[in-house]
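Some notes on the structure that comes next.
Read-outs: derived from the displayed coordinates by stated rules, not from any lab. This one's a predicted model, so the numbers in the text were calculated from it and none came from an experiment. No Cβ is skipped: glycine too gets one built from the backbone with ideal geometry, and neighbour counts run over all protein chains shown.
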Amino acid sequence: MLNLSEVLMEKQHEMETFEDLERAVHDMARARRKRFFRIDVRPPFTDTPDNWEDRLEAAFS
């Protein structure tokens, strides 16, 4: 299982925008071959859209 908090902690210095987070979720899901994604925190970015959960789920899939 890949937790969103895990992505944020590991990649915090590489991300400045929500789009960066989407790429990080996608890349980490592929690299680690995770089957499940848990959204356990809200992204801290000022450009986080209203549909952020759906977009992160899509990036994971």
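Counting other Cβ atoms within 10 Å, keep those with at most 12, restrict to DSSP loop, and tell me which GluC sites (Glu not before Pro) in region 21-61 are left.
Working: sites: Glu22, Glu53, Glu57; in loops: none.
When the GluC sites (Glu not before Pro) of region 21-61 are filtered for loop state and at most 12 Cβ neighbours within 10 Å, nothing remains.
Just from its helices, what would the mean residue ellipticity at 222 nm be for the chain, if runs of 4 or more DSSP H residues each count -39500 (n - 2.57) and the sum is divided by every residue, rounded to the nearest 500 deg cm²/dmol?
On the way: 3 runs with 32 residues, N = 61.
Here the helix-only value at 222 nm equals -15500 deg cm²/dmol.
May I ask you to sort Val7, Val25 by Cβ crowding, counting other Cβ atoms within 10 Å and putting the fewest first?
Numbers: Val7 22, Val25 26.
Final ranking by Cβ density, sparse to dense: Val7, Val25.
Do you know the relative contact order of region 2-60, to the nearest whole percent, from alpha carbon pairs under 8 angstrom that are 6+ apart?
After rounding, I find 48 percent.
Determine the gain in length on full extension of the stretch Asp27-Met1; use 0.36 nm per residue of separation and subtract their C-alpha separation, reporting nm with one decimal. It would help to have the intermediate numbers written out before the result.
Details: separation 26, 0.36 × 26 = 9.36 nm, distance 1.42 nm.
Length gained, Asp27 through Met1: 7.9 nm.
Give, in nm to one decimal, the length gained when the segment between Val41 and Asp54 is fully stretched (0.36 nm per residue of separation minus the Cα-Cα distance).
Working: separation 13, 0.36 × 13 = 4.68 nm, distance 1.39 nm.
Gain on stretching Val41 to Asp54: 3.3 nm.
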